[in-house]
1. Residues being β-branched (V, I, T) and over 15 Å from I44 (Cα atoms): count how many of those fall in region 121-149.
2. Of all residues in region 56-100 being basic (K, R) and surrounded by 13 or more Cβ atoms within 10 Å (Cβ to Cβ), which is nearest to the chain's Cα centre (by Cα)?
3. Of all the helices (runs of 4 or more DSSP H) wholly in region 34-149, which have at least 3 residues that are touching a residue at least 60 places away in the same chain (Cβ under 8 Å) and not charged (D, E, K, R)?
Amino acid sequence: MNSLSNDLKILFNRDLDAIVENLEAIPEAKLWESPEGVTNSCGILVQHLVGNLNHFIGHGIGDTGYMRDREKEFSNTGIPKEELIDRIHSLQDMLDTIFSAEEGRLDKDFSLNVPFGKTKRGALIHLYGHLNYHLGQLNYLRRIISKNR
């Protein structure tokens, strides 16, 4: 695997592991709550990341056939924490497969019409930033929720 593919694979997996660690630290009863002034709950943030990465990497690069329902990512609540964790693990498996298959092809055109890059490499770098942004939100929100038990 070329160094960029391998580096991205390591970074995506590291941060998806951190999402699981944050989920495990959130009480089930607080997973879908958000404090006053906060739009999204921890559960919503996780669903959004799973949908986003399955759509743009799974469908857009790996041609998995994933059909995204973005609206549902922000409205579907009540999913058990273990199911969200399972979705993260499935996402990691899919990403590992795609990163291995895409070795040496990151300069190829990205198949979806997006404002963040024409190449697969550009798309992956943007998507990693998006993942990291929401991981920070999740971590901060988890600490607020834990403080308000």
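1. Step one: of region 121-149, the residues β-branched (V, I, T) are 125, 144-145.
Remaining after also requiring over 15 Å from I44 (Cα atoms): 125, 144.
Summing the residues that are β-branched (V, I, T) and over 15 Å from I44 (Cα atoms) in region 121-149 gives 2.
2. Residues of region 56-100 basic (K, R): 68, 70, 72, 81, 87.
Next cut, surrounded by 13 or more Cβ atoms within 10 Å (Cβ to Cβ) only: 68, 81, 87.
Numbers: R68: 13, K81: 15, R87: 10 Å.
Result: R87.
3. Values: elements: 42-53, 70-73, 81-101, 120-147.
Output list reads 42-53, 81-101, 120-147.
No lab work stands behind these numbers, since they all come straight from the coordinates. What you see is a predicted model; the values in this text were computed from it and never measured. Positions of Cβ are backbone-derived with ideal geometry, glycine not excepted, and every protein chain shown enters the neighbour counts.
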